[in-house]
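Okay, structure first, notes after.
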Amino acid sequence: MDSGILAAIQFLPKYKTAIKELALRSESFRTLCGDFADAEQALRLWEKSKTPHGAAHCAEYRLLVEGLGAELRQAILDGKAKSGGKDQV
């Protein structure tokens, strides 16, 4: 399975089925998952960094991960609304 999809499932495990279904039918959702995974990976790397600007980069990537996580939640909500699902994220 794609690393972006796996990252999304790890982030929102309760919605594993919805994430898989959206990933099958939406290239933009797959891209969003990939961006989320990339941002998480970059954050982990910066968290290990000893450089003077490491803390600033960590803060930037935390915001990015939070924002992409919110986009993932919204995409799932939108996907459930279109498919008639009633679960809440």
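Data table
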quantity: Filter result for Ala8 (outside any loop (DSSP other than H, G, I, E, B), at negative phi, out of contact with any His (no Cβ under 9 Å at 6 or more places or on another chain) and modelled with pLDDT under 95); calculated: no
quantity: Residue pairs meeting the criteria (Cβ under 7 Å; at least 6 apart or on separate chains; first more than 12 Å from Ala75 (Cβ to Cβ), in region 15-35; second surrounded by fewer than 20 Cβ atoms within 10 Å (Cβ to Cβ) and at pLDDT 95 or above); calculated: Lys16/Ile9
quantity: Members of region 24-60 that are among the small types (Gly, Ala, Ser), under 14 Å from Glu71 (Cβ atoms), in a helix (DSSP H, G or I) and open to solvent by less than 40 Å² (accessible area, probe 1.4 Å); calculated: Gly34, Ala37, Ala39
quantity: Residues located in region 25-72, provided they are within 14 Å of Ala8 (Cβ to Cβ) and aromatic (Phe, Trp, Tyr); calculated: Phe29, Phe36
quantity: Single residue of Ser49, Ser26 found to be within 25 Å of Lys80 (Cα to Cα) and modelled with pLDDT under 95; calculated: Ser26
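The values are calculated or read from the model by the stated rules, or taken from the named source; none is laboratory data. The model shown is predicted, which means the values in this text are computed figures rather than measured ones. Glycine also receives a Cβ, built like all others from the backbone with ideal geometry; neighbour counts cover every protein chain displayed. These area figures cover heavy atoms from the full protein model, side chains too; ligands, DNA and RNA do not enter into them. Shrake-Rupley method; radii C 1.70, N 1.55, O 1.52, S 1.80 Å.
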